[in-house]
Each structure stands twice: as structure tokens, then as C-alpha cells.
1. Per residue, how big is the convex hull around the C-alpha atoms of the range B:348-415? Give it to me in cubic angstrom, could you?
2. So what does the Cα-only Debye profile of the protein assembly as shown read at q = 0.07 Å⁻¹, as log10 I(q)/I(0), no solvent term?
3. With the contact rule set at Cα under 8 Å and sequence spacing of 6 or more, what percent relative contact order holds for the range A:315-416?
4. With 10 angstrom as the radius, rank A:348, B:25, B:285 by how many other C-beta atoms surround their C-beta, starting from the fewest.
5. Just the number, please: percent antiparallel of the DSSP beta bridges in the protein assembly as shown, rounded to the nearest 5.
6. If I stretch the segment between residue B:346 and residue B:288 completely, what's the gain in nm (0.36 nm per residue apart, minus their alpha carbon distance), one decimal?
7. For all pairs of alpha-carbon atoms in the range A:344-456, what percent lies in each bin of width 10 Å, listed from the first bin to the last filled one?
8. Take peptide A:79-92, look around each residue's Cβ out to 10 angstrom, count Cβ atoms belonging to other protein chains, and average those counts.
């Protein structure tokens, strides 16, 4: 084997070394060995599917299957009884789709709905990254489900794993031209950074192994056999909306618009990310830096260059230090930019001015500049299912899909837009929305909320999230109302663990699971998602969250200036320290002064 | 029914004598009563003096063929009793399983006793299907000169009570044989009447000149009690429940109880494949409903009897007849006269009868209307080599609704709802020598056991693990949902790990749009299954008799057809040959 191998940690050198040398010398993280041995993401997955006594797959395959868009999970609610009943854990798979820009056709919607009803507990879940995921698909149904997804012309390749994941794009369909450009860029990046291995097709669709090329350069010309050091998330934003939370992502493109709302180029952002580990200050969330400006025709090249620099420079010894945000911290933005410029053979322009006003969705009807209508529905926690005695999201949206002539967009806030409705069809859609109890909005707090899935399916969850946040918001709404703040827009997000799927560290109120019914409470982030929060109180019991926040609401109601957001106020009033960026996230934590009611 | 009133008032004894006899007879086991019956008969025949010396055996032993069609083993056990008694009486008995019966030999049988169970909806036991078919078919030989008697076993809770015995009885006569004794149609409490019938039948079949001696010989030898084979005790044993857990997940709509039972004085010597009978108790709520409907709510003695001793669910035509006889209820009489009783019984139980035709009953009435509460047999799910002095069972709780009323299986729901860790149960071993692992541990085995049908295969796998059997083993399991109904899932994983199980294939019917059953998995693996069988593997099926067992057999026939390119007839012959060589074994219910 004389395969050349990239050297990790230090900038690339010319010295070629072998796989074995590299692995030994670099003391690679366990996942790197799994990737190397996997034969381009195959592992023993095909055999594992034939092991009928277990609903699980091997541990190593469990890592690889993420690259195929799945996580092995088990129903944690059922764990206590299983062993006693001589049953293995209640394993099933979460399957995440790749839907660039979150745009799908009504026909695809109906097919995805059918898959949900047939194999996934009659629920579609809109994620925080503009796609759908299914929960509860058992191993024996995986191939059928994947075949059904393939038939919709969608797939799950690279929806998870150490690769460029689903690429998000601004949804605002009212800015028709800008959205079209944003969507197109997202789609192009998604396509060009897609892994090329035929493993997905082979394993799930019984596809032929593509003959010929055994050379790495032919099989995975961009990724190589070890793919990226860690996950890599890309988004495209169109100001003034930061609905995609551009600062929470590894790579971002901010549309720079001319007076006629045409895209003249993109500001490129790098190094954002949410995940951290409790009790490990070397791990921290970070907001992205604006690295420079790029002309439209160079955007794809820049995306590839940013990703490949991270591929080569990212830390492969320690997965907790492997995201691009740590690479940027280690090398500095200037060195990173210089390497990107070297790879594209061009210098980036200076960032152009832009302004975001918020990171939420616009609910209800809007009209685009092409005269088409768009309806944004509020979907609590993105759960598209029929609720007993409540809204019939699954049925209602299926029936809308049956008559809808435009398309659907999933938002980064887990909501759904029924987009491009011709004026004459608006009433029909409206009637179906009403008939099924779908909601075009909610109270201010709920409109600005996100919760991750957490228990019972997520293996990482330390506490409840999606099942708990609605109850907490009910309590907080009462508190806010009592201070005359019922209609105040405040972002609130909760996650069951510090990995940050719901991007809690850039919400004005962030709850991060610590243990059963215990959360870290983070405050002081910017409403537009541009500034991180700060740990305000550790390990708060769920029952005390309302009482902890109530005096702060009271103080905010009294002391705020016109238009001042809750997060900004808490800093100005001296309740919590400002986080400038990742490295000082863990500095000066805690309440800076007692919050007294009155 | 109280035990004090065993002897009728009309018995030719004084009150004191009757009480004494009642005290003894009431406490006697069926075996003791049978023995006493034989004793008294022998005493009488010997002129009132016990014969100390056996009479000289008859000079030329008369050949007697005893054929049996058995599913659960009762007919087979009775055939053994017939042979034993017949030998003592100077016959030369030969016992033949219907499974092995060559119908063309019957004309030479001379004297023939047939003991036949009826299964399901009036069907012959699975192993008897072939020979029974031949006998009922056009090619059956004439039986002129043959003397016969038929003992029919059945269950009055099924509509076609004793249908197979009745059909055989008529068929033998139609084929020219001479009926030596009237047929008896026996219900689940067959033991005492069967013993009586056997005696009568043997007497009727005995050559006239030796018949007097025969009884004396019987009496003397039975009294000496020598050559009795060591048979498992018929007396129930009391065991303690040491594990009681529902194997289905809390999200399942099924409920399968795993029971571990501990025998204080050592478990009986059971083998993998055997069953254990449980003596259940009735649902106390149902008992109260029965008492209320009969106007007998205050009778505590009756309540106790109904809880543990009487079958208070089964409703048969005979039940209605006895009810009418006891009460003279005219509406119930009308139901019988109209010929609609049979349809009315469908899905109904005794309580429906009592509530639909209200009548004031006495405890005695209840005693005559009901039959004794039979035990319920469950395939043993453990090997003594692994669990020592325990027996494990897997019991599916049977619950359903008919005619607007929730119904439950007597034994299964007794175990599911009213038995917990530490509780006591009365049980009795029920051997099944037709469901046995191959003698040679190197022989491969294929096991098909969906639902609780998997129970004996847990015993098989435990046994073969303990003896380190080198033969391969392949389990086909099925149920509704993989996640919630995979009985003993962790144990199968361990068995695969330690190689005591070579391979497992599963069929969960409700996990996908189309139903998938174990037979579909057999079809899918047809080539490999047939190749195992070609290599000498044994094929076992346990579980539902009504559909699954038949579908599995058809799938296997089809597997031969497709993989060996055989005609349907030839493929059928291959499976029939497996059955005849006892390599296709069933334990179905």
C-alpha cells in the first residue's frame, strides 16, 4: 500500500506517508480507525442487516451508518423493563433525509407521508436543519424504507456523519430572486460536496458495486477514505432574516443584495458551531466569523476549499476538538483565509455590510414579489403527526399536498411553509388549514422556540426537551403576561444535552439538559443569533426555572428601552456578562447580581 | 359439588355405611377408585375369596390389535393401559400408532380396539391424518371377520365432540367388522369411565371359554402389583412460582407469562418435549356471577368447589340438556327442540346459559350440569440440565370478547392475573415421547415455533447446550412485533453467541404492510431447509394447530417441490416419509 496520506493537525506538507504510519504516528481518534477500515463506509453493514435476533448493528457500524443518514437509537422509556422481560433494548433507527434548502414538492410530501405511516409511527419530524427525519424504523424495515425514499428522488446520504450535511437556505419566498439564488447555491454545494462512494446504493438498494476504480482519487476525490474530522454544516442566508442561524454553522454564505434585491455576491462565514461538553472548558460553542466576500461564480470553489482545509487541518486525534471552530481558533482566521485563498487561487474581498433583524420565522400569509402566496405554519417542535383531540398535522398537510400546486419549504425553526400558492388557490388551502386545526402562529414565546428531540429516542439526552418545553412555556407565558410582556419576541430553545441540536447557546433563553429534570440556564444571547449566551445558573431544577426567570422578566419590563431585546437588556442591566465569542463563553459565568422581584 | 355426597341416597347401604364409604371414596384418587373397582370385580368373580395363586394362563394367547390416534398423549396412554390389562387377561396385544399404521394389515387383526382423539373442529390428530384418510377412503380393505370396539376421546367444549371416534366406529362396521362393544364418547374427565370401558371391551372381545378365568388373573396380578412400569405419578404436585414475568413489552397487546416453578422435592424426571399440566382455578368474579345467576350466592362450600373443581365456562349441547333435565326450563327446552342450540352455543359460556334462562338451582344441579375442571397442559420451556429442579413455562394469556362479554382462558388468565412470585400451583407432568430431540446429538434440528410454540425449543436449545451437542440447530420464530413480542430475545442472542443455536429466522406479522409468517421464511430459505433435511435433520413444529402447523407443512412440501423439481405428489411423499420416520414431529394445539 503506497497510498498517500494527509498529515493532520499541521498544515499539509509534501511528505507522503502510508496509512499505517499515519495512523500510528497521529494517534488517531477511534472513529478515524473505523473510517479507514470501512472500505468507504461499508463496514459490515450488509451482514449486520441479516442478524435477525437483534434490532441493533455493531458499534463500529453504528458510527458508519450515520454517514448514510441514520442513527441507531433505542426507546429509553422502555429500558427499565426490557432485561427483566428477556428482551433486548427497543432498538430502532432515526433516518434523516437530505433535502437541500428544505424544498420539496407536494408529490414528494405525499410519498414521505406514506413512508411515515407505513414504517415510522405515523410521524414526520421537521428538524432544526430544514429536513425531515423519521423515528422508530426497525432494522427489518430499513431497506424497504430506504427504497421508498429513493423512489421520491430524495436520499439520506451524508445527512449525518463526518461530512458536509444537509445544506440550508433562507426560505423567505417573498424575496423571490434572492431566495432562488440562495436555494440554488445550497443545492449546488450539497451536490458538489456529496460523498461519491456507492456504498449507500449498494447496501440499501442492493445496487451493484461500481466496477473499476479502487483508487481513492476515483472513489472519493474530495473526501478521501477518512472523510472529515467531524460534522460540517453549511447554510445560506438572505438578510434581513437570519432564520438559518448562520453564526451557528461551520460555513455560511450571506447574500449581498443590490437595491433590486438581486444577489451580487456572498459574504463567507466560517467557524460557527454549538456543541460542547459539560465540565470541559476546552469545548465551547462559537459564533462564526465573517471571512470575506466572494463573487457568485466562485462560491462553490470557496465552499470546497473551506471544507478541504478543514479536512486537512482539523484535529483527528480528539473528536471533541475537531470541528472547524477549533481549527479556526488554533490557526487563526487569517491563516485559515490565506490557505483558502491559496486553494482557490484568488483573494477574497472585504466583507460587505449586512444587517439581520432576527432568526425566527414569519408566520401566516405573505405575498411574494411575483404575486404568489406563502403560508408559514407553526408546527410545535416540528412534530408532524395527528394529535389526539388536537391538530391533525399529518392528515392536514397530506390533504393539502394532494391539492397544492406550489411546493413546501421546511424552515430551520422546525416549521413548514406552504409556498407558491396561486392567489386563486389560497382559499382552498386556508380551508384545509382550518379544518385540521393547523396553526398559523402561536404566542410570541412559542413562535420563537425550538426544542430538540431528546428523550426517549436520543441516546445523548441527559434530560427531557421536546416533551418538556411546551409545559415550561405555559408557565413562562403566565409570568411574561403578568409583566405585560405577552407579545414580546424572546427566543427560547431547549436541548437535552450540550451538543446543541436546537442551537440553545444563541437563544435569549437557553436550557441545556444536565440530568433528569435539571438544566443549565443560559441567558444574554442576541435576538438575531449573532451573540452567544452565558451560563446564568447551573443545574436548575425544572420546577425552579419559572421562579428564576420571573424577576428578570419583571426587571426587563421596567427597565428596557424601546425596541431593546431581552438578551441585550440583561447584559446592559448587569445581570449577566456578555460573551464576545467561544473562548470566553466559560468566563464570568453566573448571575452578576441578585435578581429581586419588585 | 361437595365430596360428601358421592354415593346416591338410593345406594343399598345404611346412612352410617354410606357416610363411611363417602369418606373413603371421596378422598380417593381416580387411580385408587379404578383399583377398587377392579378389586371388587375380581373379588366377586373369584367367589368372594382373594385368589392367592394366579390361575393358569390361557393356553393360546388371543391376538389383539390396539390402534390409537393421539394428539396430546391421552389416547396413547389409554392404549398402553389396554395392552397391559389385555396381557394379564391372556391376550397377545399389539399397540400401533395411527402414524405407523399399515391399513392393509387390519383385516388380519382379528380383534381390534381403536382409541381415537378428536382434535380442533372435528379433525383427526395430526399424526393420524394419513392412516385415517386411507381408512375412510375408497381403497380401505374389507374387515369381515374382525371384531372391534372404539373408544372416542373428545372435549364437549368443541362442537364436533368425538367426531373421529364416531366416524371410525361407523366405518369399521361399514367395512364388515363386527362391533363387540358399544363405543364410549368421553370428555376431558375420561380416566374413570375409560378404565371401566376398557374392562368391558376386553371382556366382550375375550374368547368365551376363558373369560371367567381372565378376571381372576387380572385381580390377582393387579393385587400383587409387580410388573407395573415406573410411570410418573398421576397425583398433582404443589410447586412454588419463583419467577413470573410478562415477556411482552408494556406496549404489546399480547401477554405471555414466563413462569419458573420450583419443586421442593426435586422436579419430576421430565425431558425436553414434555408438557406440564396446570390445575387452574376459576376467575372468582365469574364464580360469583354463576352463583348469583343461580340464586346460590350464600353457599360458601359451593363457591369453593366452583373455584377449584368444576368447569364453569364450557357450554355444550350436553350442558343444556343436563340443565333442562335439572330445571325443566321450557325456554331452554325450546332452544334444543328448535335445533338452534348448536348455533346458540357458539361463543357462549355457561354463564350465558344461566343468565339467559334464569332458574333457581341447587348445588347438586350445578354439580350435574358442569364437568370437573380439567388441567391444562403447557409445553415445558426448560431443560433440567440447565434449570435443575425447576420447570419453566411460557403461557399466553387468552382474552377475547364474544356476545358483549369479556372472556378469558381459565388456566392462562389464572396464571397471568392471579398468580405472582411466591404463589403455589398444582401441576402434573405430562410426557410426550412423540416430541423428542434426536437420539444422536450430532443430528441437525430445525425448529418452527411462533408465539408460545417456541417454548419446547427453549428446552431443546438448553438441553443441547448442556450436552454440547455438535449438531446444528435452526429456529424459526414469529409473532406480531419484533420490538414488543420477541419472546426470549436475549436468550436467543446468547444461544447464537455460544453456538447452541446456529441460526434464527424471524417473522413478525405486523411490522410491515404485508403479513409475514414463519412459513414464508421457510419458503424463502427453501433450498437450505431441504439441504438440512437431506443431511438428516429433524424438523419440529410447535404452536397453533389450526393454521400455522398446516401452513408450515405445506411450505415444506412446496420447498421440496421447488428445490428438487418434484411433482406435488412426490414432494408430499417426501414430507410423509419424514413423518413416518419420526423426523417431522409436531406439538400443536
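Laboratory data are not the source of any read-out in this text; all were calculated from the coordinates shown. Here the structure is a predicted model, which is why all the values come from computation and not from measurement. Counting neighbours? That spans all protein chains shown, and the Cβs are built from the backbone with ideal geometry, glycine included.
1. 112 Å³
2. -0.83
3. So the answer I get is 18 percent.
4. Values: A:348 19, B:25 14, B:285 8.
Final ranking by Cβ density, sparse to dense: B:285, B:25, A:348.
5. Details: 89 of 147 bridges.
Here the share of antiparallel DSSP bridges comes out near 60 percent.
6. Working it through step by step, the gained length comes to 18.6 nm.
7. 12, 39, 28, 12, 7, 2, 0
8. Other-chain Cβ atoms within 10 Å of each residue's Cβ, averaged: 5.
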